[in-house]
Amino acid sequence: MKYRYLPQTDQDKREMMEALGISSVDELFADIPEEVRFKGNLNIPEALSEPELVRYFQGLSSKNVNFSTHVNFLGAGVYEHYIPSVVNHMLLRGEFFTAYTPYQPEISQGELQAIFEYQTMVCELTGMEVANSSMYDGVTALAEAAMMAAGHTGRKKVVVSRAVHPEARSVLKTYAYGQGVELVEAGFTGDGVTDLAELKALVDDQTAAVIVQYPNFFGAVEDLAAVEPIAHEKGALLVVSANPLSLGVLEAPGKLGADIVIGDMQPFGIPASFGGPHCGYFATTSKLMRKMPGRIVGQTKDENGKRGFVLTLQAREQHIRREKATSNICSNQALMALAASITLSALGKQGVQEMAMMNLQKAHYAKQALQAKGFRITFGAPVFNEFAVELSKPVAEVNKALLAKGIIGGYDLGLAYSELSGHMLLAVTELRTKDEIDTLVQELEAITRA
């Protein structure tokens, strides 16, 4: 049992040595001088049997704080949402679970249709005309959108709001450096939304893209209708990073003039999973379709006139055009995209709206409950399911105390914004109950005023 997973038996080793013409494993290392060889025993624990190993890792796992043991109010880009039980029942089927890129449509119609349905749902949510079959995550989708805009316009400047997720801006900075693109950041107002006056001053005829988040990193809802003319008057593309769940209650970015809409499908059927794998969605206009990175599944007919699905526009991709490809991301998150598709199908249009409305209402209840106890809400703009609150003690100290009470607190905004030290970003999703929200408010009051 102790050696259950070792691939070679003694007989295997003998047969390999015979094939190599050697009599011992030591002969494999004959070219390595004796004086540099390690002669002792490695300082590592002895091997464990399988039951012992399982018990050991269960012990380690039990030390972790998780969503089963604690009530969670942490969001900041990765959220705890309801996942229908049907998701895993379908997702873990062998034909989906082990599938890779469906290059051979003859044997991949199920996978291709699932991806096609995903693309359709993304277009319906975002109000755009075409979507790809997913990207690694929302952050890389944002960076790819910026580079696509630079390539399409031939310009080398991108203006991004500081209210966009700080990790997304960090990845964007890396992409921009490699492509020789200048990255300029526009600030935010006291209400927590992009400073439109500053944005307008920064956007010029060399700007390829204007990037905002909707709702933004602070949970505030940006006025896309006001941002749109600032970008388009100078010939720049408007890139919107949108939380797909929020689009159940907010107007679709495509209907407000967005050229590219990207984001992460994690709120739909994809667990937090320590930060991944997730699924970046990417949608744009039909005019920009050939510039879009990633896989695209198209609908066609076979020689008998039967509906079928294929990978299309592959000449844009790295495995065909190499250095002329639209992107070096030549894969997609098909399994995660399928999870999102199953979730959206299970919820339906009304279910998505209801789920989004519950997020909106519960977050506003929490916000009002904190205000009633004298807490200052950091920003005044309308929010979706996340908002910032000012604390009288360091956020790290408050979160440690909350953890001891069985609560995972919010994100410390001071980690990414020095001017927001002492401010906590709280996420309230449909899973949070009134009692849990009330308990959070009570504990915050007791901790900060002790």
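The values are calculated or read from the model by the stated rules, or taken from the named source; none is laboratory data. As the structure is a prediction and not an experimental result, all values here were calculated from the model. We place every Cβ from the backbone using ideal geometry, glycine too, and count neighbours over all the protein chains shown. What goes into the accessible areas is simple: the full protein's heavy atoms, side chains included, and nothing from ligands, DNA or RNA. Shrake-Rupley method; radii C 1.70, N 1.55, O 1.52, S 1.80 Å.
Test residue 383 against the criterion of being in contact with a Gly (Cβ under 6 Å, 6 or more places away or on another chain) and in contact (Cβ under 8 Å) with a residue 12 or more places away in the chain, and give yes or no. So residue 383 passes the test. Against the list (1) open to solvent by 100 Å² or more (accessible area, probe 1.4 Å); (2) without any contact (Cβ under 8 Å) to a residue 24 or more places away in the chain; (3) touching a Ser or Thr at 6+ places or on another chain (Cβ under 9 Å), the condition residue 82 fails is (2). Filtering 227, 221, 158, 181 for residues that are among the β-branched types (Val, Ile, Thr) and in contact with a Pro (Cβ under 6 Å, 6 or more places away or on another chain) leaves a single hit, 221. For the stretch 12-50, filtering for residues that are open to solvent by 90 Å² or more (accessible area, probe 1.4 Å), acidic (Asp, Glu) and in a helix (DSSP H, G or I) leaves 5. Residues in the stretch 177-193 that are in a strand (DSSP E or B) and open to solvent by 60 Å² or more (accessible area, probe 1.4 Å): 182, 185. The set of residues in the stretch 359-392 being open to solvent by 50 Å² or more (accessible area, probe 1.4 Å) and within 18 Å of residue 449 (Cα to Cα) consists of 371, 372, 373, 374, 376, 390, 392. With respect to the conditions (1) surrounded by fewer than 23 Cβ atoms within 10 Å (Cβ to Cβ); (2) assigned to a loop (DSSP other than H, G, I, E, B); (3) not aliphatic (A, V, I, L, M), residue 397 falls short on a single one, namely (2). Filtering the stretch 300-318 down to residues that are open to solvent by 30 Å² or more (accessible area, probe 1.4 Å) and under 27 Å from residue 258 (Cβ atoms), which residue is modelled with the highest pLDDT? By that ranking, first place goes to 312.
Filter the stretch 80-115 down to the residues that are assigned to a loop (DSSP other than H, G, I, E, B) and touching a strand residue (DSSP E or B) at 6+ places or on another chain (Cβ under 6 Å) and list them by number.
80
If we scan the stretch 246-257, do we find a residue that is among the aliphatic types (A, V, I, L, M), more than 26 Å from residue 342 (Cα to Cα) and modelled with pLDDT of 95 or more? Looking through the stretch 246-257, at least one residue is among the aliphatic types (A, V, I, L, M), more than 26 Å from residue 342 (Cα to Cα) and modelled with pLDDT of 95 or more.
Within the stretch 400-431, the set of residues being part of a strand (DSSP E or B), within 20 Å of residue 358 (Cβ to Cβ) and open to solvent by 10 Å² or more (accessible area, probe 1.4 Å) comprises just one member, 408.
Go through the stretch 90-103 and give me each residue that's at pLDDT 80 or above and either of a type in the set (D, E, K, R) or open to solvent by 70 Å² or more (accessible area, probe 1.4 Å) (or both). Of everything in the stretch 90-103, those that are at pLDDT 80 or above and either of a type in the set (D, E, K, R) or open to solvent by 70 Å² or more (accessible area, probe 1.4 Å) (or both) turn out to be 90, 92, 93. Taken together, the residues in the stretch 51-75 that are open to solvent by 60 Å² or more (accessible area, probe 1.4 Å), assigned to a helix (DSSP H, G or I) and not polar (S, T, N, Q) amount to 7. Of note, residue 168 does not satisfy the criterion of being assigned to a helix (DSSP H, G or I), in contact with a strand residue (DSSP E or B) (Cβ under 9 Å, 6 or more places away or on another chain) and farther than 22 Å from residue 219 by Cβ.
Contact map, the stretch 130-153: first residue over 15 Å from residue 244 (Cβ atoms), second residue basic (Lys, Arg) and open to solvent by less than 10 Å² (accessible area, probe 1.4 Å), Cβ cut-off under 8 Å, separation 6 or more or different chains; pairs are 133/295. Scoring residue 87 on the criteria (1) under 30 Å from residue 232 (Cα atoms); (2) of a type in the set (A, V, I, L, M); (3) open to solvent by less than 20 Å² (accessible area, probe 1.4 Å) leaves a single failure, condition (1). Just wondering, is there one or more residues in the stretch 284-299 that are in contact with a Gly (Cβ under 6 Å, 6 or more places away or on another chain), farther than 30 Å from residue 398 by Cα and at pLDDT below 95? No, there is no match, as no residue in the stretch 284-299 is in contact with a Gly (Cβ under 6 Å, 6 or more places away or on another chain), farther than 30 Å from residue 398 by Cα and at pLDDT below 95.
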